[in-house]
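The values are calculated or read from the model by the stated rules, or taken from the named source; none is laboratory data. Computed from a predicted model, the values in this text were never measured in an experiment. Cβ placement follows ideal geometry from the backbone for every residue including glycine, while neighbour counts extend to all protein chains displayed. Surface areas here come from the heavy atoms of the whole protein model, side chains and all, with no ligands, DNA or RNA. Shrake-Rupley method; radii C 1.70, N 1.55, O 1.52, S 1.80 Å.
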Amino acid sequence: MDSVLEIQSQAKQQLQRAAMAAAPAEVLPPCKRQKKNPSCLGTSAVLPATATADCWRSATDDPKDNILDYRFLPRRWIILDEVFQSGTHRLLVNTATGRILHRELPLLSDYYIVTTTLDGFFVLADRGPPHAARVFNPLTGGVIPFTVPVPPEVKVTCSLCFEFASPMLTLLSKSFCKIYTASPHSIRTEDFEISLYGLFRRAVEGDLAGLWWLPAGSLESAETAAVNAIGKICDVMKSLHVDPLKFFSGDPPDMGLADDTKCFLMDFGGQLLATIKGQLVQIFRYEAKNGVLLHLKSIGNHAIFLGHHRCIAVDTDMFPLIEANCVYYTEQLGLYARIRKCNIKDEKVESISEAVDFVKQDKQFVLVGDRPFTIIQLLSSYTINIRDSELSLHQIT
């Protein structure tokens, strides 16, 4: 069978199995957010200047008491721990606003740190069996408990979705090609074919969680649209002389090899983008309404950082050193790696610096050169590396 047809067939079967498994379960309605008309401003009595701080606090919602309140959920925060990790200290960067926060997070010492999401949540594991998952919001200090045990993987991929009445945590287990989907009090486990698992993993690593980009309608229309999108992306890969079945069945290839191909599906302002790096870097947007894959020559005032393990978009208006409409990616040269920049419009490729930017130590690519590092180096480091799960390291030792 043709590799594209095989992956499409696997995807269709998996979507059907998932639908059957979910049919008896309670369907969670989407969260409803109340939008206020800014022209109808509420009024209240003006408090005197001598009003106490306690009175102010009593009228203000406490984020720790409203863990799932949408207003207090981090959005587009990433956690840079390559350089600034020191005990429980972390550096957070918002890729939409450019804001930078230094945080001391003593709670991290009470759990095993498993991984972080592309919105800035920590996924933690209890120190005692069965090592249930905990989701930690570093901005508010709130913790969401889950009953699902964290898989004993060295590198865990995860996503977190708040578009339902209960938060949904998805954990991917590479060793067994399993995907665990959990709410705080329930869990569902699904076995995936290895190639389809690889496709889903790269979607999660690009923060493409859920099927929100599909057209509204019945399950059949959503299923057809998803299979169609997967098929068109695989067709593009074949045109680049890459076997999609073989590519998605393996780990991300070592950088610097002849098959140094990368493909990530990502959320870009509510749109599905496929970023494919072969000899050239190409970006495609899937239009679910028409079922077509469009080759883009512009992503406006944004730039994409593409690495071994992650793919993120940043607003260049908030990061003056980053050039708009470009893809930044890493290229390995033996035990070293450098950062390259590809202009999407004219396809011009250049190195960020004459010297190398990374040296490989054990399994990580470590930034070299004089500090302070640039934001381009830090974001590239974030996408090229992924920290090992402390739970897995503890079980190994």
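Using R₀ = 35 Å, calculate the FRET efficiency as 1/(1 + (r/R₀)^6) where r is the Cβ-Cβ separation of LYS297 and GLN364; round to 0.05.
Given R0 = 35 Å and the Cβ-Cβ separation, E is 0.50.
The residue among GLY307, ALA288, GLY270 whose Cα reaches farthest toward the positive pole of the charge dipole of the range 257-321, with charges on the beta-carbon of Lys, Arg, Asp and Glu, is ALA288. Charge tally around ILE376: other residues with Cβ under 12 Å, Lys/Arg +1 each, Asp/Glu -1 each, net +1. For the range 261-347, the spherically averaged projection of the C-alpha convex hull amounts to 6.2 nm². The relative contact order of the range 300-373, computed from alpha carbon pairs under 8 Å that lie at least 6 residues apart in sequence, is 20 percent. A 1.4 Å probe, protein heavy atoms only, puts the accessible area of ASP362 near 140 Å². Test of understanding: extend the Cα→C-beta vector of THR147 to 7 Å, then name every residue of the range 116-135 with backbone N under 16 Å from that spot. Under 16 Å, as judged by backbone N against the label point of THR147, lie 130-134 of the range 116-135.
Going down the table (LYS178/LYS289; LYS174/LYS363; LYS174/LYS348), which pairs top 27 Å between alpha carbons? Long pairs (Cα-Cα over 27 Å): LYS178/LYS289; LYS174/LYS348.
In sequence order, the range 169-174 has phi-based couplings of 9, 10, 10, 10, 10, 5 Hz under the Karplus curve 6.51 cos²θ - 1.76 cosθ + 1.60, θ = phi - 60°, and Gly or Pro positions carry x. All distinct Cα pairs of the range 142-196 go into the 1/r average, and the inverse of that average, the Kirkwood radius, is 11.8 Å.
A DSSP coil position with no more than 16 other Cβ atoms inside 10 Å describes the following trypsin sites (Lys or Arg not before Pro) in the range 290-356: LYS297, LYS345, LYS348. A Förster radius of 41 Å combined with the Cβ-Cβ distance from SER239 to VAL154 puts the calculated FRET efficiency at roughly 0.75.
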